[in-house]
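I have placed the structure first, in the form of structure tokens, so that the comments after it can refer back to it.
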Amino acid sequence: MFDPGINAFSIATRIFPGGLFVRSADLNVPRNSQTPIAADVAFFSPEADGPLTASLDWRRSEDEEWTITVETSDATSLRLENGGSKLILNGEVRDDDGPGEYPGIYAQFVDLIDQRASLVDVAPLRLVADCLLVGRRIEVDPV
């Protein structure tokens, strides 16, 4: 559940105008497992003027859903659907007429290799680790 969840955390840490910190997390863990299958996370930030939450759930019974919804204090809404292949900004579907994100990512990899450099963003990983550190384990029935 944190595998796709870290993608959402990556976006949140990139677009939020300040630091994000885990205030609390309820982790739903099947009795026959050590790994959460769902989490409700409350975040804190000095820059926030409202609640900051995330709900991640791997128990979906229909088709997979990889949706990220962002609502801002200035009434901007952004929704990524189908694993990010569909962008809806303020209710309007934005067409993707480019080659996608991968050519740019691979070009950046080439540049980093040529420069013998790395580019690592630990903020999303820190949020996952903090969820696991401060999270309250709630045992649920096996899936």
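What follows is calculated from the coordinates using simple rules that are stated; it is not laboratory data. Just so you know, these numbers come straight off a predicted model, no measurement behind them. As a convention, Cβ positions derive from the backbone with ideal geometry for all residues, glycine included, and neighbour counts pool all protein chains shown.
Assorted remarks:
- Neighbour counts of C-beta atoms inside 10 Å place W58, W66 in the sequence W66, W58, starting with the fewest.
- L87, L133 arranged by Cβ crowding within 10 Å, fewest neighbours leading: L133, L87
- Charge-dipole axis of region 69-143 as Lys and Arg at +1 and Asp and Glu at -1 on Cβ define it, positive-most pick from Y106, V140, P124: V140
- Size of electric dipole in the chain: Cβ of Lys, Arg +1 and of Asp, Glu -1, about Cα centre, debye, nearest 20: 620
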